């Protein structure tokens, strides 16, 4: 064992400097601390430990106001060489490093980031370098200095001189900026890309142009900031560069064709450009309208513009722009193509649809697909397939289809036999999930990779359909018809999630991943329909209203409506051992006692968020949990029931620390006299507390399942989904209660 000596500093770390009271490489002293006070919220930065090249940091957010704060954004910049590594934990669920070197931390998605009135929460993180304080700290845009927050943005305008360059020379962009407090910096952007930052007036940026290869139109903008982080972007000022060539001055010739000119089914509009030049063509750019969509550097110059659903129906104008090595260029005459894909007609939930997630690992414990009561299940989501090398793959060959010689066995054969006896049952393969244990791969990250480009999406989707829908598996007979579609469990596109930990590095990356999520689903729908119309395509999604609002704001909802049969909403895991207080795993509605009540993170709020975003209720299938969540070291609290009280660590006795199936809970908790049982009529959720051993469990029983299923049915939702098969007791108590209300 190696013991690392840790040297810490005693003293106040101010925003700009370190005041050392004592320093010793062998003596542990008080952790470093910086406190900044806002009008309502304050942020205290501490280090709990430090070592050569890193430290562990803790940020305490305190609410001195009289109302709870459920949504916040903390922005700050480290002094010196310190940085934030990885994903924060505790109240912070996401950290993004911004272009200016600052960091933005936002709350986690499960409610632990709610700051009650008069209370506080902590954000923990791993740091790099040496912590020496922070600067430019704001909370939700308000200054952390203790003075009233400045909310007035600067004013800014920009000019470029000259406005036209017809010979080699320099253009200067000048910004005029003012602010009620003071301008701290002005950023200059060229065609949307940051090219310079100036912190002192006069605010200027100059760029030289030397050859005809730089010819074109440049849009410059200036963005002014003040100390509070308020900012304003100027109107664009344009520069036209048209420098005569010193040698070759002859532009290429170019024309473009589109085929077909009327697309009436999911597919591609194929663009082909013919280009020539007296010296040579260096590249051809393809444009849809004014948007660059592709660049080809070798003949034949082509691009396939993909369309998958009627949501994309429109008339499109395409041009090709050819360049030579001297920078001479020519744009073709535009051609027009029309997309007129019929509105997709495929099965929707009936309101009585019950979806059962079946995990392939349960088969190894003796519970198989054939153990399911077939009269109570309509769709089986066989879980999970994974992604390897950009293609679909089984997570457990023996459990899935292993047999003797070419004979298909395993869970796939179980499904085949079950469907033969019950022809109305459908089965889909679920791809993704929270973790592929033992692989070192994060499903979120692997999905982001395969969804990144047209080519990667097409390759990945084809591999999934070939293997699981067409049943093409080398060494085995075909098992076509086992699966009736695909379920995509990219549970947190553009968000932190999964194991091992993965988060998008920047806000732009997060937005790109969410956009690519929809593009991937559109590609699945296109290829599924091309193979056999009527196949199912579904997703499993988060129910946090903030995340749903992001999908709406980024324009994803219409596309989801077009390509998905339905959406499985994961209305569970609202509380767990990741939270420092106990709560309900699956609350139907908010209990006023809940310190996170202001966030209103419940089954009702999640479903309402999706419906308000634009997904019809009958396309939403809420999730039911056939397992519970448990905490250890739980304070009894003022009601002596342990609910909404501090805890540390997960309860033992279940399949995992802090989690247990219903069949395990029957003896562990429900029939155990050490536990006092309670029922929350707001949440429609039972819970149990052992005051002697200070153990708390939240779970569902027949009563709560029935109440939530009744709400689902009465409010017109598509049915019910449950995670997961094999967690019920031998009498199928929970599934019977669910089916009695849904069917």
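Each reported figure results from applying straightforward, stated rules to the coordinates on display, with no laboratory input. All values derive from a computational prediction rather than experimental measurement. Virtual Cβ from ideal backbone geometry, glycine too; neighbours counted across all protein chains shown.
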* Structure fact -> Between residue 168 and residue 507, the FRET efficiency computed from the C-beta separation at R0 = 35 Å comes out, to the nearest 0.05, as 0.40
* Which distance in nm do the two modelled labels at residue 155 and residue 265 give, with both placed 7 Å along the Cα-to-Cβ direction? -> 6.1
* To do: Could you calculate the FRET efficiency of residue 97 with residue 200 from 1/(1 + (r/R0)^6), where r is the beta carbon distance between them and R0 is 25 Å, rounded to 0.05?
  => 0.45
* Within the range 152-172, backbone nitrogen closer than 12 Å to the virtual label 7 Å beyond the Cα of residue 290 toward Cβ -> none
* Structure fact -> Per-residue Cβ contact counts at 10 Å, fewest first, order 619, 303 as 619, 303
* To do: Arrange the following residues from fewest to most other Cβ atoms within 10 Å of their Cβ: 487, 729, 179.
  => 729, 179, 487
* Asked: Among (i) -0.20, -0.32, -0.46, -1.31; (ii) -0.45, -0.61, -0.71, -1.21; (iii) -0.34, -0.50, -0.65, -1.23, which one is log10 I(q)/I(0) by the Debye sum over Cα atoms at q = 0.04, 0.05, 0.06, 0.11 Å⁻¹ computed from these coordinates?
  -> (i)
* To do: Pull out the extension gain between residue 713 and residue 274, defined as 0.36 nm times the separation in residues minus the alpha carbon to alpha carbon distance; nm, one decimal.
  => 152.1 nm
* Using 1/(1 + (r/R0)^6) with R0 = 30 angstrom and r between the beta carbons of residue 298 and residue 617, what's the FRET efficiency to the nearest 0.05? -> 0.05
* DSSP bridge pairs, the chain: antiparallel proportion in percent, nearest 5 -> 80
* Along Cα→Cβ, 7 Å out, is where each label goes; now give me the distance between the ones at residue 678 and residue 248 in nm to one decimal. => 7.9
* To do: Please list 317-325, 180-188 highest first by mean number of surrounding beta-carbon atoms within 10 Å per residue.
  => 317-325, 180-188
* DSSP beta bridges in the range 253-339 [antiparallel fraction, %, rounded to 5] -> 95
* Structure fact -> When 513, 480 are arranged by how many other beta-carbons sit within 10 Å of their Cβ, fewest first, they go 480, 513
* **Residue-averaged 222 nm ellipticity for the chain, from DSSP H runs of 4+ at -39500 (n - 2.57), nearest 500** => -4500 deg cm²/dmol
* Quickly work out the residue 85-to-residue 313 label distance, labels modelled 7 Å from Cα along the C-beta direction, and quote it in nm with one decimal. => 5.5
